[in-house]
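Engineer: Starting off with a structure, shown below.
Read-outs throughout are calculated quantities, based only on the coordinates presented, and are distinct from any laboratory measurement. A quick note: this is a predicted structure, and the numbers were derived from the prediction, not measured. Neighbour counts are summed over all protein chains in view; Cβ atoms, including those assigned to glycine, are modelled from backbone coordinates with ideal geometry.
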Amino acid sequence: MPETRPQPARRGCLPATTLLAAVLIFAAKLKRALPIATARVTLLGVPVDPLTMPEALARAEGFIASRRPHHIVTADASGVMQAQDDPALLGIMQQAALVTPDGAGVLLAARMRGVQLPARVSGVDLVEQLSALAAQKGYLVYLFGAAEGVAAEAAEKLKARHPGLTIVGTRNGFFTPAEEPQIVRDIAATHPDLLFVALGIPKQEQFIRGYFTELNVPVMIGVGGSFDVIAGRLQRAPVWMQRTGLEWLYRITQQPKRLPRLAALPRFIVAAWREKV
């Protein structure tokens, strides 16, 4: 087999990663004894709930018990910045039943406001933990989105990791506007308790809110690229990188095309600082 040579770094990567590293150093300096937030923290108009993963799971169980539809948003710096230029997306986030802090930037911005959010609650972790809960409690799950075959692969991995999990359907995320009503009917017909939508922001949030009543799923979550990670098509960063806020760096090595999105982090921090001032 021919030797695989490492690809040269793309022009512009070094300044961007250096800037992000500087942001994280700044974050470390802010890590001091701050009170834990006890109520929603609003960052650039986006409400973020201060909660741990067990608390998020308990809220989701309450939503399922109610049998009414609920939208959970996982908010990272990129999504919050998109909402600044998209009033409709901002409105969707403000209407969500639960907004979890997904990303080091959101945690840092809260500390800049003088409070700490107790934990990061990411989309991929929510999919895993809610799937484990569904296997225990008999909840029904539907996976919608990602490229052809990815949702089905993710479903098989989740069922293998969580014996007893019932996944009532999967579908890829490629469709025309004319196909949307039938997709909604197909999902609703399976009566899932949990719907994971992996269409990327803002499309996944728009889909959930646009068909909120018709879907009528107790828990609906936009989960971005989570299916690719769960299916094994992308590797998750080592735990130590997740805990230290360096998961973005690991992600760049696998998807260099995501680098422009990371520019949202320093922009977000600057905007959050200006809002505080």
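Engineer: Looking only at the range 161-177, which residues have a backbone nitrogen under 16 Å from a spot 7 Å from the Cα of Glu148 in the C-beta direction?
Structural biologist: Hits in the range 161-177 for Glu148 at 16 Å: 171-176.
Engineer: Report the FRET efficiency, 1/(1 + (r/R0)^6), for Arg233 and Ile183, where r is their Cβ-Cβ distance and R0 is 25 Å, rounded to 0.05.
Structural biologist: For Arg233 and Ile183, the calculated efficiency is 0.65.
Engineer: For the range 94-111 and the range 117-180, write down the distance between their C-alpha centroids in whole Å.
Structural biologist: Using only Cα atoms, the two centres lie 22 Å from each other.
Engineer: Among Val150, Tyr139, Val121, which residue has its Cα positioned farthest towards the positive end of the charge dipole of the range 112-159, with +1 placed on the Cβ of Lys and Arg, -1 on the Cβ of Asp and Glu, and the dipole taken about the Cα centre?
Structural biologist: Val121
Engineer: Taking the Cα centre of the range 53-132 as origin and charging only Cβ (+1 Lys, Arg; -1 Asp, Glu), how large is the dipole, in debye to the nearest 20?
Structural biologist: With only Lys, Arg, Asp and Glu charged at Cβ, the dipole is about 280 debye.
Engineer: Of all alpha-carbon pairs in the range 29-127, indicate the percentage at a distance above 22 angstrom.
Structural biologist: Looking at the range 29-127, the distances longer than 22 Å represent 27 percent of pairs.
Engineer: List the residues of the range 151-192 whose backbone N lies under 11 Å from a point placed 7 Å from the Cα of Ala88 along the Cα-to-Cβ direction.
Structural biologist: No residue passes the distance filter.
Engineer: Extension gain Glu214-Ala160, at 0.36 nm per residue separation less the Cα-Cα distance, in nm?
Structural biologist: Gain on stretching Glu214 to Ala160: 16.4 nm.
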